[in-house]
Amino acid sequence: MSKVATITFHWSANYGAVLQAYALQRYLLNCGVDTQIIDYLPRRVLLAQAVSAVKKRHFSYFNKKRKLRRFCKQELRLTKKSYRSNRALHRCRDFDAVICGSDQIWNESFTCRAEGKPTLSFYLNFLGDQTKRIAYSASFGTPKLSAEMQKLITPELAKFAKISVREKRGQELLREMKIDAELTLDPTMLLTAKDYLPLFEGRKCKAATKVFTYILHKNQTDAQKVCHMAQRHFGQKEADGGELFVDLQQWLHDLANAEFVVTNSFHGAVFSLLLHKPFVVLPVQNSGMNDRIETLMQAAGLSERIVTEPDRAQTLFDKPIDWNSVDARLAELRKASEDYLDDVIRNGIGV
């Protein structure tokens with residue numbers, strides 16, 4: 001049997017990043033693929049995140065990081081060896097194929113500066129010619145790329161056997177570089193609600209939560225306004241909207257048991273869809289990385305759930321969602337993504 005690795009942001013202090021790594025690996029395992037996640041985290045990134053957290057006095061970062069790392073060790077099949085640089089990755093040659101993705105692994109900031117210099121780890125530059133290179137639902141996380149970035153990545157992308165991306169804009173960016181790519185779902189959506197239940201069944205709510213709020217990034221005034229509106233509407237005591245410190249399993253449990261979800265997170269919206277939670281999603285303010293939310297909501301037939309004007313959210317609090325229609329749309333999209341991976345497994349990997 002072929003040995004297959006995936007490489008992604010499994011180390012991020014973010015619930016969605018860890019869950020997408022879990023979902024892709026779980027899907028491949030369910031297909032009978034012998035697979036591991038390459039435990040790659042540049043030492044420079046690790047130190048920079050820690051220093052930033054201390055300077056900003058965000059000590060909760062370390063608690064959240066610890067809990068997510070524990071989840072990774074328990075639930076993910078990681079390589080025995082950890083790799084702390086692109087140079088170290090060049091010794092990682094034990095696989096017949098490597099799949100990079102999903103998440104914003106092709107982000108220009110990481111690619112150009114993560115190790116204090118350009119690093120092409122997530123473009124699989126460390127692999128020999130005999131190893132198949134495949135991208136699944138990779139994301140640039142930006143609507144445009146600099147000329148420097150395009151010059152850097154184009155030769156590596158040309159070595160891929162197959163490429164798919166998560167956003168329409170990513171597909172367009174590659175087309176501008178004369179590279180074809182398919183559009184596929186984020187890995188979290190390869191699984192269904194019942195696939196996630198084992199992760200949080202038996203958990204208890206720490207407090208009654210009618211409105212589940214999950215807001216990323218600072219200075220999200222529109223999102224915080226909608227959070228308070230929703231809390232008042234559903235009769236929940238208003239909270240300050242601070243960071244969540246629960247482990248990943250508890251995060252899933254609390255979202256699954258809420259009456260309504262307010263989020264500006266792509267994966268917050270994803271799990272609202274999968275778990276059939278009425279929700280609104282707000283674009284991240286001061287960001288050019290909202291295409292993924294727009295792509296997903298359009299595909300699900302729920303573009304109206306994107307709230308760009310906070311006062312409009314009130315009209316959606318009690319408006320029902322046709323989950324049968326949503327599920328049918330997602331099933332069709334899931335089938336296309338499954339076909340992509342099935343072709344990779346049969347022809348690209350040869351399992």
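The values are calculated or read from the model by the stated rules, or taken from the named source; none is laboratory data. Not measured: the values here are computed from a predicted model. Cβ coordinates were reconstructed from backbone atoms using ideal geometry, including for glycine residues, and neighbour counts include every protein chain displayed. These accessible areas exclude ligands, DNA and RNA; they are computed on the full protein's heavy atoms, side chains included. Shrake-Rupley method; radii C 1.70, N 1.55, O 1.52, S 1.80 Å.
Summing Cβ point charges (Lys, Arg +1; Asp, Glu -1) relative to the Cα centre of region 28-80 gives a dipole of roughly 520 debye. Out of [x] 19.9, 60; [y] 23.8, 74; [z] 26.4, 94, which label holds the value of Rg and Dmax of the Cα atoms in Å that was computed here? Comparing each candidate, only [x] matches the computed number. For Arg232 and Arg175, the difference between the fully extended length at 0.36 nm per residue and the C-alpha to C-alpha distance is 15.9 nm. The label-point distance for Arg93 and Glu309, in a model that sets each label 7 Å from Cα toward Cβ, rounds to 6.1 nm. Using a Förster distance of 30 Å, how high is the FRET efficiency between Arg66 and Ser109, based on the Cβ-Cβ distance and rounded to 0.05? Step by step, r from the Cβ atoms, then E = 0.75. One compactness figure for region 229-351 is 1.23, namely its Cα radius of gyration divided by 2.2 N^0.38 Å. Solvent-accessible surface (1.4 Å probe) assigned to His267 amounts to roughly 10 Å². With the largest listed first and rounded to whole Å, the semi-axes of the equivalent ellipsoid of region 109-218 from the Cα gyration tensor are 34, 18, 15. Between Leu273, Asn290, Phe126, whose Cα lies farthest towards the positive end of the dipole of the chain when Lys and Arg beta carbons carry +1 and Asp and Glu beta carbons carry -1, centred on the Cα centre? After comparing all options, I get Phe126. Computed from point charges on the beta carbon alone (+1 for Lys and Arg, -1 for Asp and Glu), the dipole magnitude for the chain about its Cα centre is near 1640 Debye. Solvent exposure of Thr142, expressed as accessible area, is near 40 Å², computed with a probe of 1.4 Å over the protein chains only.
Measuring with a 1.4 angstrom probe and ignoring ligands and nucleic acids, Ile105 comes out at about 0 Å² accessible. Working from Cα pairs under 8 Å separated by at least six residues, relative contact order for the chain is 16 percent.
Just so you know, the Cα atoms of region 59-183 work out to an Rg and Dmax of 15.5, 45 Å. Report in % the part of the accessible area of region 45-174 that belongs to carbon and sulfur, leaving out ligands and nucleic acids; probe 1.4 Å. Answer for region 45-174: carbon and sulfur cover 50 percent of the accessible area. Distances between every pair of Cα atoms in region 1-107, grouped in 5 Å steps from 0 to the bin holding the largest one, split as 2, 11, 21, 24, 20, 12, 6, 3, 1, 0 percent.
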